[in-house]
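Undergrad: Have a look at this one before I ask anything.
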Amino acid sequence: MNRTKLLSLLFGKSTIYGLLLFDLGWLLPLGGEAQCVVYQDANQRILTSCDFYNAAGKSGTAAYRREIYLGSPYLTYPVWQAGSLQVKEGDKALTCEVAYNIVNREIMCRFPGDSSVIVMTPERFVINDNEYIRQPNHSYITILYDGPTKLSMTQSRQMEAYTHASFTKDEEIIGLYKTTTTYYIQKGSKQIKLVNPSKKSILSLLADQKEKINSKLPTTLTPLSLVDLLTYYDSLAKNEQLMQR
């Protein structure tokens, strides 16, 4: 499906933006007063540089300032990644380059050979083989482990300015994008539960195998170690079912 047909499918509700490619990255329009570029510097840091323009005042001179932040509002770098999206449940998945702004939850789609960008809120989309599913509160949840016991997460990001007491070696960087990740565990068809990545929280949710799980818990819990732990937990339940036959 091409861009024109997709726009028709969306009943004209999508907003179209033009993006210009620069050597440092993608120039992203943020309303009428600022333009931001996401790039990687010589130290391999991901940075977002924003140029702000104000209309000329009484003096007849337009005001201008530049702000640089560590990180970016986008899920990945480079911003654009090969992926796909599903506009509505049951629709065929559309293959396109996808950019996910996790600050304002905008999902952008760009078709090959077309510089125009479609901004939308699809039911599902995929980036780097990770599927993101829209929730009633308009956030997107990612399934990290899809076994009998599921592990999923949501992410949000916000821009925080450095305070005068903050330590930074680069005076040009005035703030950073801070990511908050929330994890959930769902056992079978039971209600999904919020889980802190801590030993106490995990043992509480998996209490039926507490003794065996406790010996497998690493000191530091990461998404990968949680997946390994839940894989082990599901194998324990499977072995018990086989023994009962």
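Every number in this text was worked out from the coordinates using simple rules, so none of it is lab data. Keep in mind that this is a model prediction, so the values were computed, not measured. Every residue, glycine as well, gets a Cβ built from its backbone with ideal geometry; the counts of neighbours run over all protein chains shown.
Undergrad: HN-Hα J couplings of the range 219-233 from phi, Karplus 6.51/-1.76/1.60, θ = phi - 60°, integer Hz, Gly and Pro as x?
TA: Karplus values, whole Hz, x for Gly and Pro: 5, 10, 8, 10, x, 5, 5, 5, 4, 4, 5, 6, 4, 5, 4.
Undergrad: Around C96, which amide H atoms from residues at least 5 apart in sequence, or from another chain, sit under 5 Å from its own amide H, with H modelled in the peptide plane?
TA: G83, S84, L85
Undergrad: With θ set to phi - 60° and the Karplus curve 6.51 cos²θ - 1.76 cosθ + 1.60, what are the ³J(HN,Hα) couplings of the range 206-213 in order, to the nearest whole Hz, using x for Gly and Pro?
TA: Karplus-based 3J(HN,Hα) across the range 206-213 equals 10, 4, 5, 10, 4, 5, 6, 5 Hz.
Undergrad: Would you mind checking which residues have amide H under 5 Å from E123's amide H? H placed 1.01 Å from N; only 5 or more apart, or other chain.
TA: For E123, whose amide H was placed from the backbone, the distant partners under 5 Å are Q86, V87, K88.
Undergrad: With the crude spin-label approximation of a point 7 Å out along Cα→Cβ, what separation in nm comes out for Y53 versus V119?
TA: Going from the Y53 label point to the V119 one covers 1.8 nm.
Undergrad: How much net charge surrounds Q158 when only the other residues with a Cβ under 14 Å from the Cβ of Q158 are counted, with Lys and Arg +1 and Asp and Glu -1?
TA: That works out to +2.
Undergrad: Sticking with this structure for a sec: What are the residues whose amide H is under 5 Å from the amide H of Y162, where those residues sit 5 or more places off or on another chain and H is modelled from the backbone?
TA: Placed amide hydrogens put G175, L176 under 5 Å from Y162.
Undergrad: Now, a different point. Assign one of three labels to the range 44-159, namely rounded, prolate or oblate, based on the Cα gyration tensor with a ≥ b ≥ c the square roots of its eigenvalues; rounded applies when a/c is under 1.5, prolate when it is not and a/b is larger than b/c, and oblate otherwise.
TA: prolate
Undergrad: With a cut-off of at most 14 other beta carbons within 10 Å, and DSSP calling the residue loop, which GluC sites (Glu not before Pro) in the range 138-236 qualify? Please list them.
TA: Numbers: sites: E160, E171, E172, E211; in loops: E171, E172.
Answer by residue number: E171, E172.
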